[in-house]
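All remarks here apply to the structure that follows.
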Amino acid sequence: MSPIPALLRTAIDLKEALDNAAVHLTPIGTCRTKATEWRQEHDEDEKGEEDADTDSSPSENVEIQAMEALRKLQDDYTTTVASGTIEDLAFNLNITRSGCEYQGDLSAFTSTAGNAADAATGERLQRWYEAGAVSGYGDVKAQETKVDPAVRDAPEIPASEFTVSPTLLARVQELWIRAEPYKIHLYGPGGKFKAHRDTPETDLVGTFLLGLGDTSKTTEGGWRSSEGALEIKNSKSNRYSEQWTRHAAHLGAWVAFYPDVDHAVRELASGYRAHLDTPEVPANVALRGKIQQALAPLRSPYGILLQHHYAGTAELNGLDAALYAAAGQTGNGDVKLLPVLIRWTAEKYYNEYGGDIPAKYSADVFPMTQTHVDAVLAHIRAKQKKLKDVNSKDEEEKDEEGDDEEDEEVTIPGSKPKKLFVDLKGTDAEWITYHSSQSAEEPKSKSIRFYTPDFSGTAIAWQEDVQDAIEHTGNESRPHAEDSIYLSYAVVVLPMRGTRGRRLRQLKRERLRQPERR
């Protein structure tokens, strides 16, 4: 028998660890949002055992309001494509590249209009186009930059050969993102860029394009069109229907999109267009402030499940990066990033009169660092070896006794699953030990409450088992039952220890006690 390939063996090991994690690991908290969503879905008023609040815990309504605020921010800031026009745009542009020299102010408002303005813009764009540098494109599959006019025919002016006034970048930041000048892309007659996605880069949230002028036309069914050569695939597209939006590059027009969004520039039939490319980086003071306000009612320790899915990386995207940064600035405590597993179980009976019997449910959250995965696998391997040794010993005894009876199932005394002690000392996850309740007597105040604006849209379903109730009485009755496992990454906010932590908590309590000003 040939050996299992290393990658496949690793995948099998990981599956085994995930399937058994909830059996052998100690939970560090519960997912309050999952429990709340389930109760609302099943019209369940009674609270499960996990929801026994302490006096210092926020009420469920406060938690729901906090997540609704985060959900609104997600809806507002996670549109895959956004566009608009900066009507009062005015900034200084200085180009030093030979043949493209330009020094002056550009403004969406101009004293000239009509044909004279179009002619001046066209002359400027043509000069830049003819003297621009050869531009390549990033081949995502090959992970290299290539030059091929059949794919991309568009010169450029690199960032080292132009500058813009700080006022422009400030205006761009008001639109959500912080941007840095990257290139000026130029297109002329015959110029194009086939449909593609931007090359992934560390800290790259997306791309922000700002129009610097557009006199171009494309061919539409034999007619010339000035609708806009830039095409961006709409998020509503699917495998049955693709929807693309068109965008011109007139001065002040802007469009922003994420790196995984398809976009292209149609071949120009005539004229020129130019836009400033400013990659978005994850830093926005206004957004962080709004997230801080949403998180303010929550008491640490708590965790927020992240919106995007990650595979062994600490580089966060979009709103997740802003959430992590904002959580670190709330003053509530220390912030950690943690892969987690959520074990959800629920049981709801119906009595013979049609009324509900209080449901039982739990949403335990387990840490799933590499150390925890290794510990679970090591325990499973040790248990398998022990069972194999016991079976082998029994077989030897049977052979010696000449026992021809059928084999009986062998059980190991005391083999009832017990929680593992995972030694995290010296690792980045050492803090987890403090929040893992090793026994029922441990204080529940150490338990971490996890939330998410949208559980179904955040967590990955690793295993889902849902059995609908059979509403019969007697032996044929069966409750509605769920036993599922979900995976996610979470930002965890821990209480600060020491004098500074106590002082910050005291100040926060004092602010909460102050009456509202009217």
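Observations on the structure shown:
- Within the stretch 156-175, being under 18 Å from TRP128 (Cβ atoms) and of a type outside the set (Phe, Trp, Tyr) holds for GLU156, ILE157, PRO158, ALA159, SER160, GLU161, THR163, VAL164, LEU168.
- Count of the stretch 412-445 residues which are at pLDDT below 65, under 26 Å from ARG299 (Cβ atoms) and of a type in the set (D, E, K, R): 3
- Members of the stretch 274-318 found to be modelled with pLDDT under 85, over 19 Å from PHE455 (Cα atoms) and in a helix (DSSP H, G or I), listed by number: VAL285, ALA286, LEU287, ARG288, GLY289
- In the stretch 351-407, the residues that are modelled with pLDDT under 65 and assigned by TED's automatic domain parsing to the domain that holds VAL23: ASN351, GLU352, TYR353, GLY354, GLY355, ASP356
- Some residue of the stretch 176-184 being touching a Pro at 6+ places or on another chain (Cβ under 9 Å), at pLDDT below 75, assigned to a strand (DSSP E or B) and not acidic (Asp, Glu): yes
- Annotation note: of LEU168, LEU209, LEU251, the sole residue that is modelled with pLDDT of 85 or more and either among the polar types (S, T, N, Q) or in a strand (DSSP E or B) (or both) is LEU209.
- Count - residues of the stretch 25-64 that are at pLDDT below 85 and of a type in the set (A, V, I, L, M, F, W, C): 1
- Output for the stretch 128-152, where each listed residue is in a strand (DSSP E or B) and at pLDDT 90 or above: ALA133
- Qualifying residue in the stretch 222-245 (condition: modelled with pLDDT under 75, in a loop (DSSP other than H, G, I, E, B), small (Gly, Ala, Ser) and more than 28 Å from LYS194 (Cα to Cα)): no
The values are calculated or read from the model by the stated rules, or taken from the named source; none is laboratory data. The shown structure was predicted, so the numbers you read here are calculated from the model rather than taken from an experiment. Neighbour counts are summed over all protein chains in view; Cβ atoms, including those assigned to glycine, are modelled from backbone coordinates with ideal geometry.
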